[in-house]
């Protein structure tokens with residue numbers, strides 16, 4: 001009896017999902033974390049939104065399939081992220097280096113999730129006084145886009161969270177330590 005209910009639920013879920021329009025949530029998340037004397041950056045984006053943003057900029061279709069971003073798309077992806085996700089520490093622009101990507105299926109939103117990882121090597125948080133961040137990812141395709149960035153830069157576990165909204169003119173936010 002429980003198996004029949006489970007199968008019925010799955011069939012209903014798949015049926016409803018087949019007619020569901022593209023995901024309604026327009027949100028990306030990112031995290032900048034200090035660990036092992038490095039800044040580790042993790043960015044999570046919906047693949048369909050990211051594909052649309054890159055297609056506008058690069059004038060070609062971008063699709064995210066498989067387990068990681070296709071090597072031919074990777075330069076465009078990195079350029080787009082570098083232009084729209086910037087930060088400086090203590091007033092000095094901070095460059096970050098690409099590490100890897102992963103793609104995972106998201107059954108709830110019916111689209112792929114793209115994870116992009118970067119790092120800043122040999123970083124010391126001992127002299128950290130301020131960080132200023134710009135996060136305008138996907139603003140060029142989603143008027144209602146919101147981006148949340150969590151900052152875990154000090155050892156005591158304190159996490160600061162910044163919200164960037166497309167309809168807001170305030171694209172740069174600063175946190176003082």
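If you check 85, 123 for being surrounded by 16 or more Cβ atoms within 10 Å (Cβ to Cβ) and either modelled with pLDDT under 95 or in contact with a helix residue (DSSP H, G or I) (Cβ under 6 Å, 6 or more places away or on another chain) (or both), only one passes: 123. When the stretch 150-160 is limited to residues that are assigned to a loop (DSSP other than H, G, I, E, B) and either touching a residue at least 12 places away in the same chain (Cβ under 8 Å) or touching a helix residue (DSSP H, G or I) at 6+ places or on another chain (Cβ under 6 Å) (or both), the one that is surrounded by the most Cβ atoms within 10 Å (Cβ to Cβ) turns out to be 153. Close Cβ contacts (under 9 Å, 6 or more residues apart or on different chains) running from residues in the stretch 83-111 that are over 30 Å from residue 130 (Cβ atoms) to residues that are surrounded by 14 or more Cβ atoms within 10 Å (Cβ to Cβ) and modelled with pLDDT of 95 or more comprise 102/114; 102/115; 102/116; 102/117; 103/114; 103/115; 104/114; 104/115. Can you tell me which residue in the stretch 106-120 is surrounded by the most Cβ atoms within 10 Å (Cβ to Cβ), limited to those that are out of contact with any strand residue (DSSP E or B) (no Cβ under 6 Å at 6 or more places or on another chain) and closer than 24 Å to residue 56 by Cα? Result: 109. Being more than 20 Å from the chain's Cα centre (by Cα) and either modelled with pLDDT of 95 or more or loosely packed, with under 15 Cβ neighbours inside 10 Å (or both) is the requirement here; does residue 97 meet it? When the stated conditions are applied, residue 97 does not pass them. Within the stretch 12-26, is there a residue that is at pLDDT 90 or above and buried (at least 16 other Cβ atoms within 10 Å of the Cβ)? No, the stretch 12-26 contains no residue that is at pLDDT 90 or above and buried (at least 16 other Cβ atoms within 10 Å of the Cβ).
Residues considered: 163, 128. Of these, the only one that is touching a strand residue (DSSP E or B) at 6+ places or on another chain (Cβ under 8 Å), free of Cβ contacts under 8 Å to residues at least 60 places away in the same chain, over 19 Å from residue 26 (Cβ atoms) and surrounded by fewer than 17 Cβ atoms within 10 Å (Cβ to Cβ) is 128. For residue 138, the conditions (1) farther than 17 Å from residue 35 by Cα; (2) modelled with pLDDT under 90 are fulfilled apart from (2). The number of residues in the stretch 104-120 that are modelled with pLDDT under 95 and in contact with a helix residue (DSSP H, G or I) (Cβ under 8 Å, 6 or more places away or on another chain) comes to 5.
The values are calculated or read from the model by the stated rules, or taken from the named source; none is laboratory data. Everything numeric in this text was worked out from a predicted model, so none of it was measured. Heads up, the Cβs are rebuilt from the backbone with ideal geometry, glycines too, and the neighbour counts pull from every protein chain shown.
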